[in-house]
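Participant: Structure in structure tokens, see below.
Values in this text are rule-based calculations from the coordinates and carry no lab data. All of these numbers come straight from a predicted model, not from anything done at the bench. Cβ placement follows ideal geometry from the backbone for every residue including glycine, while neighbour counts extend to all protein chains displayed.
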Amino acid sequence: MKQFMTVFGFEYKNLLKNKFFLVTTLLLILAAAVFFSFPRFFDNGGEKKSSMAFSGIEQNQQETLEKTFEKAFPDKKIVFTDLSIKELKKAVEKEKYDSAVFLTGPASYAYIAKNIAITDTTGETLKSILKTRYEFSEMIMQGIPPDKAGEIISSSVSAKIITIGKDQTSSFFYTYVLIFALYMIIILYGQLVATNVATEKSSRVMEILITSAKTNHLIFGKIIGTGLAGLSQAVSIFAAVFIFCRINLSFWEDNFVIKTVADMPADIMIYAFIFSLLGYFIYAFMYGAIASLASRTEDINTTIMPVTFILIAAFAVVIFAMNTGDVDSMLMVVCSHFPLTSPMAMFVRISMGDVAALEIALSIIILFVSVVLTGYLATAIYRVGVLLYGKPPKISEVFKIAVSKKDNPY
Amino acid sequence: MELKVKDITKNFGDNEVLKGISFSARAGEAFGLLGRNGAGKTTTMRIILGIFKSDSGIIEVDGIPFDDKNISTGYMPEEKGLYPKVKIADQLIYFAMLKGMKRNSAKTAVEKWLAKLDMSRYYGTKLMNLSKGNQQKIQLAAALLHEPDLIILDEPFSGLDPVNASVLENIIKELISEGRTVIFSSHQMNYIESFCNEIAILKGGKIVVDGGIPEIKRSYPRDRIVLSAGDKKAVSDHIISSMADLTVSAPVIKDGQMQIKLKDKDMKNEFFRRIATSDMDIDGIYVKEPSLTDIFVDHTEDKEGRETQ
């Protein structure tokens, strides 16, 4: 245990002292601060409203329509003119007005703007206003009293949405953020373990280590040390995101994505933590074991590729399910119990789908047992792998040696 | 303390690397393992340290099977292994703690050893910023920090300049005088002769010669004659023309002297008689004491072994 603690402490401190690691953490915290504080400094509250000119409207109707338009376009300054459509075009061109509308008839209009953004809904709003106005005037013409006509026009359909499972409209975004974080935690810190193992092997530090400590203390210390350092980094970044998001939340009122992410349920965060941790461990053990077979650090990328592929495949399956909305499909049910895919698949099902508590418990138990088994198997492979130099052996050969009772035949 | 290696064998797949190695090393003495590359020296050392398990044979300390829980070991591998990007003090403290020392005593030991090796100024330096020789000294410190009883040094002198080699030489002598057991391998025979009481020369996984150096030398055939003369050409011509029945080949000039190898050590007296009765102008003549290099070359030059790890 003392040796494990020594290895653990060394790995943890080394990573925290690593300048690149520190700078990356600080930069990400800074990025979170800048991103969430951005609207605070660029709040357009005091900014001049863009102007919108209306023409072709009789003077006696201007007063009532002004109110309607002001209500429909709160960010625009409404101006009435009697310019022709040509003159309006010129005025917009010369930036006298930011945009203009010319009513060509009771239910037809021309909208003039320099550029129309993809999010510009002015056209739809105008159509709706003019349609209502036209319907109202037609009803009056048909002899319906104005108050009755107003009642008909303003009648609306009321609806109440009752969700039995999860409301994916809000859960999608925070699940997306968390699943991406989970994937990044597993792949980044898992590969960090692989690189460290390969560096120790190629620099032959392993010869000293292996004569000084037990291999299980070495690999467990390394993986848990790296994991905790990674966790410290991830927690710092997430805390920064959370704090800066909360501080500046009032400036993000209109942003549905940020709002749903900021309001993500606590239990989802706890599940994300559990699955990140278990997911990291199962992949880190695999990365550590496979990396022990590489003789040079240059070979590390190709050696660990099979493990990375499994992780990418799991990520792809989960993202596809999220995009289709069918997170409880048969494939996802299987994936959410298979230990190499369950950290992401089960998390998505918990967050966006309908999954029984028993299923969650079963998945976590399978994953936990798999982590322990992978840990023991990884130690056995590592013990053989770290002393093999030259051409990397076939994984099947090493696997046979590792599971055989014969202790380190090399 | 006496470490006994008894008949150890080791195969790597179909390759038989050790074919029954036996020797003993005692406290307060240095034991030299000699052999060409691939002879099995490193594998023998790794088996003693428990990195590999032997296929058969046993290693005992004072008659009890060797267990590194009871005997503290220090190892300096041939391929130097340290963390290039970690500060020297940090990694040395780490290695000492892995060997069971507490942080404070590890720190004190690191300071002591760095001072001893004249490396104190590199305490907070990253290893990669040091020269090869200085890295080697740090490697030595890593092996000795925890004051081990059994010290195994694999090629400790390779890559050291004469000044650093002399520092290492003094340290090894000190370790021996402190009663530690030192096993080391080297291709530099002068160091082996300087420290070792006993040696074993390995070839193809077998010991071909072993024992005390003086005994090995004494048992070595005294069939080489060293001769100095003013006119070496005339003497050489005389030996070739009238003494070819006694010599293996023509005399060889080495270090300004002529060396002659006889067909048999018993031909010495006949050689002396004939030279003395010739009219050659001879300044001096004596039987050459074999050097360890001569013995090493004689026993290892023909076939090749293979270093597997």
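Participant: Enter the Cα centre distance for the pair region B:47-116 and region A:334-374, rounded to the nearest angstrom.
Facilitator: Each part reduced to its Cα centre gives a spacing of 43 Å.
Participant: Can you give me the long-range amide H partners of B:Lys203? Hydrogens built in the peptide plane at 1.01 Å from N, cutoff under 5 Å, separation of 5 or more residues or another chain.
Facilitator: B:Val208
Participant: My understanding is that a pair violates if its Cα-Cα distance is over 23 Å; which of B:Lys6/B:Lys41; B:Lys69/B:Lys102; B:Lys10/B:Lys99; B:Lys19/B:Lys173 do that in this structure?
Facilitator: In this structure, B:Lys10/B:Lys99; B:Lys19/B:Lys173 lie more than 23 Å apart at Cα.
Participant: Something else about it: Taking every DSSP beta bridge that has both residues in region A:49-186, what percent is antiparallel when rounded to the nearest 5?
Facilitator: 40
Participant: Can you sort A:Met322, A:Met264 so the residue with the fewest Cβ neighbours within 10 Å comes first?
Facilitator: So the residues, fewest neighbours to most, are A:Met264, A:Met322.
Participant: Same structure, new question: Quick one: grab the alpha carbon gyration tensor of region A:181-221, order the square roots of its eigenvalues as a ≥ b ≥ c, and give me rounded if a/c is under 1.5, else prolate or oblate depending on whether a/b is larger than b/c.
Facilitator: oblate
Participant: Let me ask another. Rounding to the nearest 10 and keeping the result within 0 to 90°, find how far the Cα-based axis of helix A:215-247 lies from the longest principal axis of chain A.
Facilitator: Compared with the principal axis, the helix lies near 20 degrees.
Participant: Considering only A:Trp252, A:Ala313, B:Gly63, whose Cα is most displaced toward the positive end of the charge dipole of the protein assembly as shown, charges sitting on Cβ of Lys, Arg (+1) and Asp, Glu (-1)?
Facilitator: B:Gly63
Participant: Tally the DSSP beta bridges in chain A and give the antiparallel ones as a percent, rounded to 5.
Facilitator: Percent antiparallel among DSSP bridges in chain A is about 40.
Participant: Between B:Val17 and residues 5 or more places away or on another chain, which pairs have amide H atoms under 5 Å apart, with H built 1.01 Å from N, and which residues are they?
Facilitator: B:Lys10, B:Asn11, B:Phe12
Participant: What is the set of long-range amide H partners of B:Val86 at a cut-off below 5 Å, with H atoms built 1.01 Å from backbone N?
Facilitator: Hits under the 5 Å cutoff: B:Leu127, B:Met128.
Participant: What order do you get for B:Leu92, A:Leu377 when you list them from fewest to most C-beta neighbours inside 10 Å?
Facilitator: The fewest-first ordering by Cβ neighbours comes to A:Leu377, B:Leu92.
Participant: Cα centroid distance between region B:236-257 and region A:180-220, in Å?
Facilitator: Computed from Cα coordinates, the inter-centre distance equals 63 Å.
Participant: Starting from the Cα gyration tensor of chain A, multiply each eigenvalue by 5, take the square root, and state the resulting semi-axes largest first in whole Å.
Facilitator: Equivalent-ellipsoid dimensions as semi-axes: 63, 24, 18 Å.
Participant: What value, in deg cm²/dmol to 500, does the helix sum -39500 (n - 2.57) over DSSP H runs of n ≥ 4 give at 222 nm once divided by the residues of the protein assembly as shown?
Facilitator: Here the helix-only value at 222 nm equals -17500 deg cm²/dmol.
Participant: With both partners inside the protein assembly as shown, how many of the DSSP beta bridges are antiparallel, as a percent to the nearest 5?
Facilitator: 60
Participant: Something else: Among B:Ser177, B:Ser54, A:Ser232, B:Ser194, what is the fewest-to-most ranking by other Cβ atoms within 10 Å?
Facilitator: With the fewest neighbours first, B:Ser177, B:Ser54, A:Ser232, B:Ser194 line up as B:Ser177, B:Ser194, A:Ser232, B:Ser54.
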